[in-house]
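Note sheet for the following structure.
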Amino acid sequence: MKRRDFLRLGGAAAGGAAAATSPVAAQDGGNESGGGNATGNQSGGGGGGQTTEVAVGPGGQLVFEPAEVQISPGDTIRWVWESGGHNVAPESGDWGHQPIEDEGFTYEHTFESAGENPYVCTPHASAGMQGTIMVGSGSEGGGEEEVDPEEMGVPFQAHYVGIATMLTMVVSLGYAFFLLKYGESPNAKGGNN
C-alpha cells in the first residue's frame with residue numbers, strides 16, 4: 001500500500017467515524033415530551049413555565065402516574081382522569097380538586113413556591129393512591145442547580161463524543177507511526193531532488 005493510499009483511507013475512516021458518532025448525527029429522534037419518565041409528559045406551558053401531565057387512574061389502576069414529579073416554581077401540573085371515581089386532594093393547602101370526577105376530566109394548577117406538595121385520591125387513599133409534587137431543586141442550599149443539556153434543547157450523548165475522540169487519536173497515532181517508520185514513499189513524484 002502506498003503512503004498516499006494509506007493517508008486517503010485513514011482520513012476517510014476518521015472523518016466518517018467522527019461524523020457517525022457526533023452528537024448531531026446520533027440524535028435518536030426520540031420524543032422530547034419525556035413520555036413515561038419520572039417527570040411525566042412535559043410540554044411547553046403558556047405562561048413561560050412547563051406543563052407536566054399526571055395520569056389519574058391510568059388503565060383503571062389506583063395510582064397517579066407518575067407518582068412523584070419534580071418541577072420548577074411557576075410550572076403547571078395538569079391532572080388527566082383516565083378512569084372515573086377519583087379526585088386530587090392535597091394533604092395541606094387548598095390547591096387541589098376535591099369533587100370526584102369521571103374519565104376525560106382535567107384539572108390544572110400552577111405551583112409558585114418551592115416545597116413538597118403531597119396529595120391523595122380521597123376515595124382510594126387507603127389503597128395507596130397518592131402522589132407528590134416537588135417544586136424547586138429539593139436542596140435549598142443556595143447554589144446553582146446543574147442543568148441537564150437535554151432540558152435546554154441540546155441533544156447530548158457524551159459516550160459518542162468519547163468514542164469519536166478516541167478514534168481520532170488512534171487514527172492520528174497510526175498516521176504518525178506510519179509516517180515516522182516509512183517516511184516519504186520512494187514512489188512519490190516530485191519532492192526534494
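Would you be able to tell me the number of residues in segment 81-105 that are in contact with a Phe, Trp or Tyr (Cβ under 8 Å, 6 or more places away or on another chain) and either surrounded by 14 or more Cβ atoms within 10 Å (Cβ to Cβ) or at pLDDT 95 or above (or both)?
Total meeting the criteria: 10.
Of the conditions (1) within 22 Å of Ser137 (Cα to Cα); (2) charged (D, E, K, R); (3) more than 24 Å from the chain's Cα centre (by Cα), Glu112 clears all except one; give me its number.
(3) is the only condition that Glu112 fails.
The values are calculated or read from the model by the stated rules, or taken from the named source; none is laboratory data. In this text, all values refer to a predicted model and were calculated from it rather than measured experimentally. Every residue, glycine among them, receives a Cβ derived from its backbone with ideal geometry; neighbour counts consider all protein chains shown.
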